[in-house]
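The values are calculated or read from the model by the stated rules, or taken from the named source; none is laboratory data. Nothing here was measured: the structure is a model prediction, and the numbers come from that model. Note that we place each Cβ from the backbone using ideal geometry, even for glycine, and neighbour counts take in every protein chain shown.
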């Protein structure tokens, strides 16, 4: 299962992404919707975020099919 999450702010986003990258083996997919960035992470990654105290909100949960559908239908993130 995967969770679609949104970080509280850009600082928390940076802390969260760095924490997940340090653990390795974590799939991290981002989608831009209405000027907001959402991340799809395995549910096991939520424990990592909780461990380091990163503030995030779970928007929805779903399987791999939901992740693929969101990535296919979302516009690219602005650089």
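So which of 53, 63 is modelled with pLDDT under 85 and exposed (fewer than 15 other Cβ atoms within 10 Å of the Cβ)?
63
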Here the residues within segment 1-16 that are modelled with pLDDT under 90 and buried (at least 19 other Cβ atoms within 10 Å of the Cβ) are 2, 3, 4
Residue match in segment 27-45 (condition: at pLDDT below 80, farther than 11 Å from residue 2 by Cβ and in contact with a helix residue (DSSP H, G or I) (Cβ under 8 Å, 6 or more places away or on another chain)): yes
